[in-house]
Amino acid sequence: MTREVVTISSAALTLDVLPELGASILNLRASSGRPVLREVDLPSVRSSSDTASFTLLPFSNRIRDARFTFAGRDVQLRPTTPDGLTQHGDVRNRPWQVTRVGDSHLRCTFDSRAFADLNWPWAFTAQVEYVLHGPHLDTSVTLTNADHADMPAGMGLHPYFTRLHDGVDPLLSFSAALTYDTDDRVIPTAAARPVLTEENSRVPARLGARSVNRAFTAWDGVARMDWGTRGLTLTADNVFSHLVVFTAPDGSLALEPVSHATDAFNLAVRGVGGTDMRVLSPGQSLAGAVRLTLDGDWGS
């Protein structure tokens, strides 16, 4: 199957996007050709899970047993994982409309009402904009309730970063005060608790052989990878109150800015605080932006 690829470039970066697959990012490279996000070959892409980055809407991460209660209404979704969860929303594998605003600017739009089989009972629209300028990629996300009733809502981005450059594992750092204990399906079992010393990433450190799949909150919105001769900084708006850190099986590192805790809808029903579940009234939007910035030598 041949997929359309839309490309934009700046002096420092080149971005490839797949309109029919969630407007997901196929590749993000420095002008030298060095990959910033994990390098992806187009023929290997079967779903957005195989891309370099995808968008999480109208919620992020997992919903326990694919169901929850909202405003007295029992909501049953289709499970999308082998262990019976619904994961990562339902826009990432669907076609989006992509408009080239300029040589370094794409606007991508989505309307859930165009899909009779959408795995979400409320109507919504979404917009993602990719803008390259200087050493930056800015990604803005807007989710709008297009229904006639209040809608629970959340959003996020799921970028996978190239971890090793010239054989060097980066120093990773971010400041987050709280994290969640989870069960065997990586779903929180209670409210967030203070991070332990061994979980603390305020001091830059290499992940090494550690396997990580953990959500943090009370996060200051900044995460950094530093290889010595080059670096990369992720900066997120306050709406992205949580950060998921995941060492992927392929060796890449996912740093996911998201707007709420995993399974926030069910946690909220239980009275767990701090999950940042949002409720959008009809016509109301949730929006925020994330910036990736390169520094140092990104030559080949």
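The values are calculated or read from the model by the stated rules, or taken from the named source; none is laboratory data. Quick caveat: nothing in here was measured; it's all calculated off a predicted structure. Glycine also receives a Cβ, built like all others from the backbone with ideal geometry; neighbour counts cover every protein chain displayed.
Some values worked out for this structure:
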item: Residue ID - surrounded by the fewest Cβ atoms within 10 Å (Cβ to Cβ), chosen from residues in segment 12-35 that are touching a Pro at 6+ places or on another chain (Cβ under 9 Å) and assigned to a loop (DSSP other than H, G, I, E, B); result: Glu20
item: Qualifying residue in segment 268-276 (condition: out of contact with any Ser or Thr (no Cβ under 8 Å at 6 or more places or on another chain) and crowded, with 17+ Cβ neighbours inside 10 Å); result: yes
item: Enumerated strands (runs of 3 or more DSSP E) restricted to segment 53-133, each holding at least 2 residues that are over 16 Å from the mean Cα position of the chain (by Cα) and modelled with pLDDT of 95 or more; result: 67-70, 73-76, 97-102, 105-111, 124-133
item: Residue selected from segment 188-231 under the condition in a loop (DSSP other than H, G, I, E, B) and out of contact with any strand residue (DSSP E or B) (no Cβ under 9 Å at 6 or more places or on another chain), by the criterion surrounded by the most Cβ atoms within 10 Å (Cβ to Cβ); result: Ala190
item: Residue within segment 73-84 that is crowded, with 16+ Cβ neighbours inside 10 Å and under 16 Å from Ile25 (Cβ atoms) present; result: no
item: Conditions (1) free of Cβ contacts under 8 Å to residues at least 40 places away in the same chain; (2) assigned to a strand (DSSP E or B): number failed by Pro249; result: (2)
item: Residue count for segment 19-44, restricted to those that are under 16 Å from the mean Cα position of the chain (by Cα) and without any contact (Cβ under 8 Å) to a residue 40 or more places away in the chain; result: 2
item: Selection count where residues are among the aromatic types (Phe, Trp, Tyr) and part of a strand (DSSP E or B), scope segment 232-244; result: 0
item: Close pairs (7 angstrom Cβ cut-off, 6 or more residues apart or separate chains): under 21 Å from Ala236 (Cα atoms) in segment 268-292, basic (Lys, Arg) and not in a loop (DSSP other than H, G, I, E, B) anywhere; result: Leu286/Arg278
item: Criterion violated by Ser47 - all others in (1) closer than 22 Å to Pro282 by Cβ; (2) surrounded by fewer than 17 Cβ atoms within 10 Å (Cβ to Cβ); (3) within 19 Å of the chain's Cα centre (by Cα); (4) not charged (D, E, K, R) satisfied; result: (1)
